[in-house]
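What follows is a single structure, written as structure tokens, with notes after it.
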Amino acid sequence: MQRRTGISGGITTRRSLGITLALTSAILFSTAGIFTKSVAADALSVIFWRGIFGGVAGLTLLFITRRFWHELAAMRGVGWVLALINPSGTIAFISSFKLTSVANVTLVWSTVPILGGFIGWVWFGERVSLAFFASCLLVFIGVFFLFGADIASLDLASGSLVGSLLAFWMTLMMALLMAVYRRYPDAPTTMPGVMASLMLMIIALIWTRPLAIAPAEIGILAGFGVIFYAASLTIAIGSKYIAPGEAGLLSVVETPSAILLALLILHEVPGVNTLIGGSIILAAVLFHHMHTHTRRR
């Protein structure tokens, strides 16, 4: 009986760590719109400088922990799959902020639990509780409520529709990333991000002139690179200990956080629908946490 309790306690501890890391990642990710919209540089220039400082942060971590050669050797098939998933999602993510509002991007992103849960069900055959479906339904209602009033204004001419579609692609890539780490928990967590940063830097150098931006903006993007890398690393590690759908559901905390930051720093004033939709999404996360805690007591 003691052995069983010890195993249960270990599982609970790992799950708690996964939850903490997923929430930390969500809060860090919520700053992306602020960094991206605080500079005049184009999306690929932002990606270039974010990649430099994020890549340096990753390499520094690898050398400090003496895991550089270990993670490089562990890349193999799944490591390179992770490295290839990352760039397309990142390009879509940064570009979407340049084309539409922070609220639009984060609200599209909040659908990640639905995508994550679907991937977990199809790929892993995981059983999903009714409470999880109820939480996802609340998330969907919140997103639909907010977009319902604004859908008529989304058109290709304004670029807002393209921005929202890019945000959806980013969301799909993140849900897939979570699923891969859940399926292969021993996959490297740092080296794929470093390799992805290198690939993005090469793409940026080919298609734009990132070295021509103002020095002051480089400083802003340095902070963005380190914070974004920390966000990617925490979700990569956290996804090893919780199901893809749950990781995605916890990540929607980013939505109200990003909207609040956009209000305080960028002065993007959310409408009534934004406030109501964000409240419903946050309620879904809280409901999920309460149900899970009660069930495991």
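Can you work out the FRET efficiency for the pair Ala131 and Asp186, with r the C-beta to C-beta distance and R0 = 30 Å, to the nearest 0.05? Taking R0 as 30 Å, the efficiency between Ala131 and Asp186 is 0.50.
Scanning residues 5 or more positions from Glu268 or on other chains, those with amide H under 5 Å from its amide H are Leu263, with H placed 1.01 Å from N in the peptide plane. With a Förster radius of 41 Å applied to the beta-carbon distance between Leu211 and Phe124, the computed FRET efficiency rounds to 0.40. Footprinting exposure proxy ranking of Phe168, Phe133, fewest other C-beta atoms within 10 angstrom first, gives Phe133, Phe168. Considering helices alone, the calculated mean residue ellipticity of the chain at 222 nm is -26000 deg cm²/dmol, with DSSP H runs of length four and up weighted by -39500 (n - 2.57) and normalised per residue. The distance between label points at Leu17 and Leu263 comes to 3.6 nm (points 7 Å beyond Cα on the Cα→Cβ vector).
By the count of other C-beta atoms within 10 Å, a proxy for reagent exposure, Leu211, Leu282, Leu205 are ordered fewest to most as Leu211, Leu205, Leu282.
Ranked for footprinting exposure by Cβ neighbours inside 10 Å, fewest first, Glu268, Glu246 give Glu268, Glu246. For the range 126-139, putting each phi into the Karplus relation 6.51 cos²θ - 1.76 cosθ + 1.60 with θ = phi - 60° gives couplings of 6, 7, 10, 6, 5, 5, 5, 4, 5, 5, 5, 5, 4, 4 Hz, in residue order, rounded to whole numbers and with x for Gly and Pro. Given their separation in residues at 0.36 nm each and the Cα-Cα distance between them, Leu72 and Ile141 gain 20.5 nm when the chain is fully extended.
Rule-based calculations on the coordinates, nothing more; no lab input. Here the structure is a predicted model, which is why all the values come from computation and not from measurement. Heads up, the Cβs are rebuilt from the backbone with ideal geometry, glycines too, and the neighbour counts pull from every protein chain shown.
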